[in-house]
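Below you'll find the structure, written out as structure tokens, and then a few comments.
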Ligand code: FRU
């Protein structure tokens, strides 16, 4: 199978076959993690009868696939069961809110709940007879009203429920706010929670508090002076997940973001590569907030038909507010480390200007790498360049890994052939700006494959660190056709989907390089071969749980 399917991820979540997109309703419930997701049971392309597929896990790494949870059956979801979320309501009942495409093709919001709460897998779901519980409000077109969030409850014993739904009016993207006393009858609030003109449709919004002084997560309904609120928007126009950080006042239902979302290249994003329609949940036993996101494809529909599958979930990430209060940080869940196998280490090694060396001794097509670079003489060698207002992705696109700079480019060449004819380059460049040093992080896919017809867009973002006093840390997860990179301990994340022609399976190699004018030092490099996560049908493997 490995030979026939060299691009199948081995430790990333994916269905056994067919099309996957958005994560839906992730939760921890009675000792188990649940992941639902948009799935086309009919084939490897997006379909006109989308369903909620369902899997469970003890650790978010090894999974058991269950029966489909929601399929089109009723007038209110006859043409598809689209994205949505889960809220655990008092009585410990998980409630699904999801978008149905009704028999007229109109997007409506529906409610579903477990048929049998004592089934540890919550395999069967029942749709409310009150559906649809929300229909497109005045001014919102019937095909731009979707993706309800996890609901949050206002403080106090009689606090009302709040939920947002993505929508738009005249190209003004918005998070439409609904409120309810009983979770079944919902009334639209006078104002959206937030909106921004000219930004197009907002899909899959997410709204949650983050702690101001701890990396621990908090429950979605927490609102007090110890938190800020994150609003995440999936932009239908440019297929990226953006976020704003602000304060939320439950009394007035007002949300005031500190930064605006305008759809420009300087807006904050979760990930600067392929990562979309993401969703978080609060993992209560481990007091952390977990982020799931869809790493969409870079190959063609013809390729997807040939390989029989499309789409993969990025590694679940812990997400929290950086101590600066200015941005979020993400890091692969610690459970992933259990898959680490064969290990190699390099300590205190000079990476001379112009040098490339191979990291040998691991399976380079299925690996986890952590590396720390140390820089000297920045003052003398960094190129003077005012990056203010410059689009970082454009900067990465202007010069690839082989374009010599002052400090950098240095970094990794993943999924590379021996002669480097194919490689995905993840690297850094340091500039001297008008306001101190600027660190640019790039993930360049342009040489990722000798094949044509793939999306090889190079990605880039700035990394907010002080390179004079901090080392430059990079962690990269490589899993056949997905490369996920975390710069600066998770301050800048870039994921990519790549389809090398030759650098597959045991032919894939991993290199470290420095094409800058000055030497840099690798203070440490740790690389592991990754084992394959277990993925089973329930009959074989309920025992696994
Ligand atoms: C985002 C999205 C959602 C929709 C779902 C359909 O990728 O378009 O807005 O609910 O996918 O699968």
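A single entry from 87, 73, 99 fulfils the requirement of being more than 14 Å from the ligand (Cβ to nearest atom) and crowded, with 21+ Cβ neighbours inside 10 Å: 87. Among strands (runs of 3 or more DSSP E) entirely within segment 43-143, having at least 1 residues that are assigned by TED's automatic domain parsing to the domain that holds residue 479 singles out no element at all.
Going residue by residue through segment 150-159, is there one that turns out to be away from the ligand (no atom under 16 Å from the Cβ), crowded, with 24+ Cβ neighbours inside 10 Å and not in a strand (DSSP E or B)? Checking segment 150-159: at least one residue is away from the ligand (no atom under 16 Å from the Cβ), crowded, with 24+ Cβ neighbours inside 10 Å and not in a strand (DSSP E or B). A residue that is surrounded by fewer than 22 Cβ atoms within 10 Å (Cβ to Cβ) and under 23 Å from residue 253 (Cβ atoms) occurs nowhere in segment 110-130. Mind checking whether some residue in segment 393-402 is assigned by TED's automatic domain parsing to the domain that holds residue 509, buried (at least 24 other Cβ atoms within 10 Å of the Cβ) and modelled with pLDDT under 90? Scanning segment 393-402, I find at least one residue that is assigned by TED's automatic domain parsing to the domain that holds residue 509, buried (at least 24 other Cβ atoms within 10 Å of the Cβ) and modelled with pLDDT under 90, so the answer is yes.
When only residues in segment 273-318 that are more than 19 Å from residue 497 (Cβ to Cβ) and within 16 Å of the ligand (Cβ to nearest atom) count, which is surrounded by the fewest Cβ atoms within 10 Å (Cβ to Cβ)? Among residues in segment 273-318 that are more than 19 Å from residue 497 (Cβ to Cβ) and within 16 Å of the ligand (Cβ to nearest atom), the one surrounded by the fewest Cβ atoms within 10 Å (Cβ to Cβ) is 280. Just name the residue that is surrounded by the fewest Cβ atoms within 10 Å (Cβ to Cβ) out of those in segment 440-468 that are without any contact (Cβ under 8 Å) to a residue 40 or more places away in the chain and in contact with a strand residue (DSSP E or B) (Cβ under 8 Å, 6 or more places away or on another chain). Restricting to residues being without any contact (Cβ under 8 Å) to a residue 40 or more places away in the chain and in contact with a strand residue (DSSP E or B) (Cβ under 8 Å, 6 or more places away or on another chain), the top hit is 466.
Restricting the search to segment 119-144, which residues are free of Cβ contacts under 8 Å to residues at least 12 places away in the same chain and under 19 Å from residue 36 (Cα atoms)? Show your work before the answer.
Of the residues in segment 119-144, the ones free of Cβ contacts under 8 Å to residues at least 12 places away in the same chain are 119, 129, 138.
Matches in segment 119-144: 119 only.
Scan the strands (runs of 3 or more DSSP E) fully inside segment 196-272 and keep the ones with 3 or more residues being surrounded by 18 or more Cβ atoms within 10 Å (Cβ to Cβ).
On the way: elements: 202-211, 227-235, 240-249, 254-257.
Answer list for segment 196-272: 202-211, 227-235, 240-249.
Reported count of residues in segment 1-42, each being in a strand (DSSP E or B) and either within 16 Å of the ligand (Cβ to nearest atom) or at pLDDT below 95 (or both), is 15. Among strands (runs of 3 or more DSSP E) entirely within segment 392-490, having at least 3 residues that are touching a helix residue (DSSP H, G or I) at 6+ places or on another chain (Cβ under 9 Å) singles out 424-433, 436-444, 459-463.
The values are calculated or read from the model by the stated rules, or taken from the named source; none is laboratory data. Not measured: the values here are computed from a predicted model. Because the Cβ atoms are built from the backbone with ideal geometry, glycine has one as well, and the counts that use them run over all protein chains shown.
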